[in-house]
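Engineer: Below is the structure I would like to discuss, written out as C-alpha cells.
The values are calculated or read from the model by the stated rules, or taken from the named source; none is laboratory data. The shown structure was predicted, so the numbers you read here are calculated from the model rather than taken from an experiment. Just so you know, the surface numbers come from the protein's heavy atoms only, side chains and all, with ligands and any DNA or RNA stripped out. Shrake-Rupley method; radii C 1.70, N 1.55, O 1.52, S 1.80 Å.
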Amino acid sequence: MTVTSGTRPDVGRRDDSALRFRALADIARVGRGEPSGVLPRVAEVARAAMDGASASLSVFEPDKGQVRCLVNVGELGPDEVPEPLDEVYSLLDFGNLGLLVEGQQGVTVTVDQPDQDDDYVALLRAYQKGSCLSVPVPLDGRIWGELF
C-alpha cells in the first residue's frame, strides 16, 4: 500500500511543529543586533509562532491606567500603523486588560461568541479581525506589557 503525504494525518501537524520550532529558534536570536529593532522582531516572531495574521506589543503605563502600543506587525487593519504614536487603551474601557495586568492571565476574544467584552469585539471588527489572544509580558516580577 502506498501512502501519499496528502493522506497522512500527521503531515499537517509536523508542518505546524516545524513552523513553531523555527519561530522558537528565532526568539533565541532576536536579542542580537540593534536594540531599536528588537520589539518589531519579537512581535514578528510571536506572530509567526502563533501563526497569527498580526501581533502587537504594548507597554503597561500603571500611572495612567493604560497600555500604549509600541509596535504592530503582520497584516494590519485599517488605521493600524507599524510604529504608532498615539495608540493607547484604557484599563477602564477594556475590562479584560485589567484581568491581564492584575491577574497576570491571558484573555481570548472571538467576535462571534456570546458574552465577549464589547470593547474588544468592537476593536477586532474595526481592525477586521475575527479573534485575538492577549497575554501579559512579565519582566522582573511585574507586568511590563501585553502581547496582542
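Engineer: Leaving out ligands, DNA and RNA, what percent of the accessible area of the stretch 92-140 is carbon and sulfur, probe 1.4 Å? Provide the component values of the computation, followed by the final result.
Structural biologist: Details: 1410 of 3020 Å².
On the stretch 92-140, the fraction of accessible area on carbon and sulfur atoms equals 47 percent.
Engineer: I want the antiparallel fraction of DSSP beta bridges within the stretch 31-93, as a percent rounded to 5.
Structural biologist: Details: 11 of 11 bridges.
Close to 100 percent.
Engineer: Mind listing the phi-derived Karplus ³J(HN,Hα) values for the stretch 117-129, rounded to whole Hz, using 6.51, -1.76 and 1.60 with θ = phi - 60°, and x for any glycine or proline?
Structural biologist: The phi angles translate into 4, 4, 5, 5, 4, 4, 5, 4, 5, 5, 8, 6, 10 Hz.
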